[in-house]
Amino acid sequence: MAASALGLDAAHRVLARAAYGARPGEAEALSRDGLAPWVERQLALPAEEPAIEARLAALRLPIRYPAKEGAWPAVEEDRPLTRLGMSQAENWRFWSRAEAPGRPAALVAPQEIERARLELSVATLVRKTAAEAQLRERLVEFWHDHFSVGVAAAAQVQASLVEHDRRIRGQALGNFRALLEATATSPAMLFYLNNQSSRAGAPNENYARELLELHTLGRPAYYGAARTTKEVPRDAEGRLAGYVDADVWETARAFTGWTVAAGQPLDGARRLPDSGEFIFVEPWHDQYQKQVLGRQLEPFAGAMAHGRAVLDILAGHPATARFVCTKLVRFLVGEPVPEAVVGRAVAAFRSGLAAPDQIARTVRAILAGPEIADPHLGRMRRPLDAVAAAARAYALPLAPTAPLLGQMAGAGQALFGWPSPDGQPLEATQYDGAGALRLRWGILLNLARGAGGTGASPLFAELAGQPVAAATARLARLALGPAGAPVAETVAGVWLQAGRPERPGGAEVAELAGWVLTAPAFQRV
């Protein structure tokens with residue numbers, strides 16, 4: 001990737017798409033230094049940032065609930081984000097002590113079950129806003145959509161959400177095949193798609209179908225009208241171009257016995273541990289011969305061998321490369337999806353199948369052309385993106401709260417709450433309805449004003465007392481770059497027509513910033 005300077009408007013678009021918006025001075029630095037050095041620095045950053053971990057460690061979130069006789073005492077405290085640091089087994093204890101069918105005596109309050117999601121959601125907002133590794137955070141968001149689990153499906157999913165996030169973060173820029181197995185063995189995924197109950201003789205097809213349709217080959221590769229694989233066309237490499245329902249069934253058989261240790265009985269004398277961790281139970285696995293996408297899986301191949309063979313087949317299939325890369329280009333670059341970028345991404349994805357940084361290579365290929373800064377491409381910002389970009393543009397000391405998360409849910413994005421396995425939509429129709437937009441504008445106005453626990457930006461005090469035209473021009477440049485000039489003109493004009501002060505004070509500058517954030521131009525990347 002050759003280094004070349006970018007215009008300031010292009011730099012703002014790059015940072016709005018490959019990051020969560022520009023902090024003060026970042027677009028100028030990117031414009032001066034060029035895209036290639038920025039990409040290489042981003043890809044070289046470590047997965048863990050001590051400054052972010054310190055910030056999360058300093059946060060406190062309230063938790064309140066009344067006592068329940070014989071079960072738990074009342075709690076009323078501001079508690080650190082303790083669940084983020086717990087192991088899967090430690091987080092699982094909150095579920096294993098909760099009320100459930102066949103276990104009516106609850107020993108832990110529902111608020112403790114929900115706490116893991118709340119802490120992870122708060123940490124997600126902090127990371128999107130403050131992390132230096134912005135490109136990695138973008139990929140973490142993408143993979144959470146791609147391997148989506150909705151917490152409403154089961155309390156076991158909530159209890160396993162922190163572990164699911166760790167698995168995605170561990171391979172967000174790594175190897176897709178490794179990420180595929182990390183999610184296939186994720187307790188949250190196993191419970192969400194019911195594979196924890198899949199047994200020889202009674203395989204559950206839910207995970208198998210989504211593995212083929214959403215995680216790898218994609219819907220375009222489904223040949224539902226074909227009665228057998230003999231009717232499926234071959235691709236240029238001689239492989240079956242896609243899958244039929246028989247492949248779903250055979251895949252489900254391959255993943256029998258991939259489950260979660262939750263105290264289930266093995267036989268009359270033994271039970272699995274109640275740890276909430278992934279476990280392969282060989283007696284529950286269908287050991288016999290299988291055929292997936294025309295490939296024979298030999299019988300009695302060994303522990304987890306059939307499931308891993310299926311993951312190998314799917315991760316290396318050309319249809320997977322095209323499906324995943326097209327989604328990734330749409331997420332990073334926007335619509336209409338440029339075929340030239342998809343072609344570069346597919347080539348990098350396929351050439352790096354065995355590389356530990358396969359995903360990073362793919363992302364580098366996506367960002368190697370001019371499309372990432374093309375003003376004719378793009379998409380609507382989702383609520384998470386809009387909140388993070390607002391906080392970054394104005395150096396807002398964001399302290400995420402449960403009410404803020406609830407408002408974001410009302411605006412169309414409940415973090416880790418999308419109910420179906422296709423993941424949080426990118427389509428604007430999810431976010432541009434009248435009610436969703438009103439909530440979005442309220443969120444952005446409140447952020448700028450320092451409401452809801454977010455403090456004031458030091459930038460607003462610097463602009464206090466300046467003519468409104470100058471103040472709005474600066475605010476619009478911070479949020480939108482050179483494209484903000486017409487927004488600034490409109491905001492300043494409306495402000496003066498309303499009889500507001502010609503030289504706004506600090507609180508009024510904050511309000512002006514909120515007006516800029518509600519402009520249509522800020523709602524797109």
Residue in region 91-98 that is modelled with pLDDT under 95, outside any helix (DSSP H, G or I) and over 29 Å from Arg381 (Cβ atoms) present: yes
The listed residue being buried (at least 21 other Cβ atoms within 10 Å of the Cβ) and modelled with pLDDT of 95 or more, out of Leu437, Leu478, Leu496, Leu445: Leu478
If I filter region 175-184 for residues that are over 18 Å from the mean Cα position of the chain (by Cα), crowded, with 18+ Cβ neighbours inside 10 Å and aromatic (Phe, Trp, Tyr), do I get at least one hit? no
Cβ-Cβ distance below 8 Å, separation of 6 or more or different chains: which pairs start in region 467-491 with a residue that is under 22 Å from Arg392 (Cβ atoms) and end on one that is among the aromatic types (Phe, Trp, Tyr) and not in a helix (DSSP H, G or I)? Leu475/Tyr394; Leu478/Tyr394; Ala479/Tyr394
If I go through region 365-387 residue by residue, how many of them are surrounded by fewer than 21 Cβ atoms within 10 Å (Cβ to Cβ) and either more than 30 Å from Val516 (Cα to Cα) or modelled with pLDDT under 95 (or both)? 2
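The values are calculated or read from the model by the stated rules, or taken from the named source; none is laboratory data. Everything quoted here is computed from the prediction, not taken from an experiment. Cβ coordinates were reconstructed from backbone atoms using ideal geometry, including for glycine residues, and neighbour counts include every protein chain displayed.
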